[in-house]
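A short write-up of the structure that comes next.
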Amino acid sequence: MIADDLTGGLDAGIAFAAAGIPTCVGQNAYFLSSADAQGCCVQVSVVPSRHMSPEEAYRAVYDVVKRAMDQDFTCIFKKTDSALRGNVGAELEAVLAASGEKALHFVPAFPKMNRVTRDGVQYIDGTVPVSQSVFAADPFNPVHHSAVAEVIGETSRVPTHAAKERGEGVAIYDAETEANVLEAALHIFGAKAKLVAGCAGLAAVLPQVLQLQKRGASERHTGSRLITFCGSINPISLRQCDRAEERGAPRFHLFQNGDFAGENELACRIAEAARNHPITVFDTGSGDVDTRNMDAAESGRLVAEKVSRVIRGVVDRVTDATVFVIGGDTLIAFMDSLGIETIIPVEELLPGVVLAKYHFKGEWQYLISKSGGFGSPELLEQISLKLSSPGEKAENGGE
């Protein structure tokens, strides 16, 4: 699987890990030949291409697929964003070109999150065309089209057609229910296809369809305190931070009065609050600062790096709390700051919310992650409940 951000790679990879299929997520083009990857049935390679140009994204994905073709994979899965952000067309074209295959099967729906594809159009919340949703105003990756074929055509010239039609290029599948996604996957692999694309909705049915070798049940993790680091400025995630603050969680911001706060001082204050509260919240506060003079990649990278240093400072001071990172750029920056290249997905706590572990200083460390656009306003409290009572079933955290 090739994912365009780390949180997306984890929320798709967890479908296999939860089914007992050895799965790992890596962060560079050489990951596929690493010792960590060789022991896993499912290998998720992260190519953080959201901030790349279409040409750069094409080359990066092409390189990974070329490496993958040297190994004996059942299939190659290009993981895409369920809101169709990023260089979708360029990356699908790269998969086709590097593999030498004639057709790629694209199932973009994520029905569990009420993101559906109807007559070739992608909808959020079941009824809102994606180009009219909050994702149209994404400051880094705005979505300009709702028709899946038009999204693909924005960054590539690869031919597209509805799945019911025959032809080369990208076949686009409608799906409004999980049963529709399963039906599409059975059709695709019944025809012995090798290339697929989609989001966590498609990943969820593949353990059943592909019948990969299982290796035991997933583990459990408990914790009494949650420290949330929100690097996303998606309104959905900010509402989650707002709700936790309204219910008593201390909250801190990277930007204060339009300027960056001192990272070391912030880490000290967050760590102190985390020792005394079950939920502590940190976000960028970037709505208070003017980043118009920076391009999207520059501003996103700068914020992610600063947030990652705050997280590292807190982790060094508080060892018995569970870290929750919102936003793929922030998670990558944090793992890079630790020198971590491989992450193991462990459990899906709630839809789109993944518990994972990584090896650091001779021990397994745990963290939770999600992308910016998932979850109900009460998500932080739902996660806290799951950590303190892992045997109890929390309410659905999806939108």
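Restricting the search to the range 97-139, which residues are under 21 Å from the mean Cα position of the chain (by Cα) and surrounded by fewer than 16 Cβ atoms within 10 Å (Cβ to Cβ)?
Correct list: 125, 126, 137, 139.
Would you mind stating whether residue 100 is at positive phi and not assigned by TED's automatic domain parsing to the domain that holds residue 339?
Numbers: at positive phi: yes; not assigned by TED's automatic domain parsing to the domain that holds residue 339: yes.
Considered against the rule, which asks whether it is at positive phi and not assigned by TED's automatic domain parsing to the domain that holds residue 339, residue 100 comes out as yes.
If residue 95 passes every condition in (1) within 18 Å of residue 56 (Cβ to Cβ); (2) out of contact with any strand residue (DSSP E or B) (no Cβ under 9 Å at 6 or more places or on another chain) but one, which one does it miss?
(2)
Taking the options 156, 146, name whichever one is more than 22 Å from the chain's Cα centre (by Cα) and either closer than 21 Å to residue 54 by Cα or modelled with pLDDT under 95 (or both). Full working, then the answer.
Numbers: 146 fails: more than 22 Å from the chain's Cα centre (by Cα).
On inspection, the qualifying residue turns out to be 156.
Inspect all residues belonging to the range 355-365 and state whether any of them is at pLDDT below 90, more than 30 Å from residue 33 (Cβ to Cβ) and either touching an Asp or Glu at 6+ places or on another chain (Cβ under 8 Å) or of a type outside the set (A, V, I, L, M, F, W, C) (or both).
Checked against the condition, which is being at pLDDT below 90, more than 30 Å from residue 33 (Cβ to Cβ) and either touching an Asp or Glu at 6+ places or on another chain (Cβ under 8 Å) or of a type outside the set (A, V, I, L, M, F, W, C) (or both), the range 355-365 yields no hits at all.
Look at the range 222-265 and say how many of its residues are of a type in the set (A, V, I, L, M, F, W, C), within 23 Å of the chain's Cα centre (by Cα), outside any helix (DSSP H, G or I) and closer than 15 Å to residue 385 by Cβ.
First, pick out the residues of the range 222-265 that are of a type in the set (A, V, I, L, M, F, W, C): 226-227, 229-230, 233, 236, 238, 241, 244, 249, 252, 254-255, 260-261.
Cutting the leftovers down to within 23 Å of the chain's Cα centre (by Cα) gives us 226-227, 229-230, 233, 236, 238, 241, 244, 254.
Those still in the list that are outside any helix (DSSP H, G or I) too: 226-227, 229-230, 233, 254.
Next, from what is left, pick out any that are closer than 15 Å to residue 385 by Cβ: 226.
Count: 1.
Taking residue 197, is it in a strand (DSSP E or B) and not acidic (Asp, Glu)?
Working: in a strand (DSSP E or B): yes; not acidic (Asp, Glu): yes.
Here the answer is yes, as residue 197 does meet what is asked.
Looking at the range 15-121, what helices (runs of 4 or more DSSP H) fall wholly within it and have at least 1 residues that are touching a Phe, Trp or Tyr at 6+ places or on another chain (Cβ under 6 Å) and over 18 Å from residue 345 (Cα atoms)? It would help to see each step written out before you state the result.
Numbers: elements: 35-38, 54-68, 88-99.
Filter on the range 15-121 gives 88-99.
Which residues, counting only those in the range 69-110, are hydroxyl-bearing (Ser, Thr, Tyr) and either closer than 18 Å to residue 328 by Cβ or touching a His at 6+ places or on another chain (Cβ under 9 Å) (or both)?
Taking the range 69-110 as the starting set, the residues that turn out to be hydroxyl-bearing (Ser, Thr, Tyr) are 74, 80, 82, 99.
Of everything in the range 69-110, those that are hydroxyl-bearing (Ser, Thr, Tyr) and either closer than 18 Å to residue 328 by Cβ or touching a His at 6+ places or on another chain (Cβ under 9 Å) (or both) turn out to be 80, 82.
Kindly indicate whether any position in the range 170-188 is farther than 19 Å from residue 58 by Cα, out of contact with any Ser or Thr (no Cβ under 9 Å at 6 or more places or on another chain) and assigned to a loop (DSSP other than H, G, I, E, B).
yes
Only residues that are modelled with pLDDT of 75 or more and within 23 Å of residue 282 (Cβ to Cβ): list them for the range 377-399, please. Can you show your working first?
At the first step, the residues of the range 377-399 found to be modelled with pLDDT of 75 or more are 377-389.
Answer for the range 377-399, where residues must be modelled with pLDDT of 75 or more and within 23 Å of residue 282 (Cβ to Cβ): 377, 378, 379, 380, 381, 382, 383, 384, 385, 386, 387, 388.
The values are calculated or read from the model by the stated rules, or taken from the named source; none is laboratory data. Note that this is a predicted model, so its numbers are computed, not measured. Every residue, glycine as well, gets a Cβ built from its backbone with ideal geometry; the counts of neighbours run over all protein chains shown.
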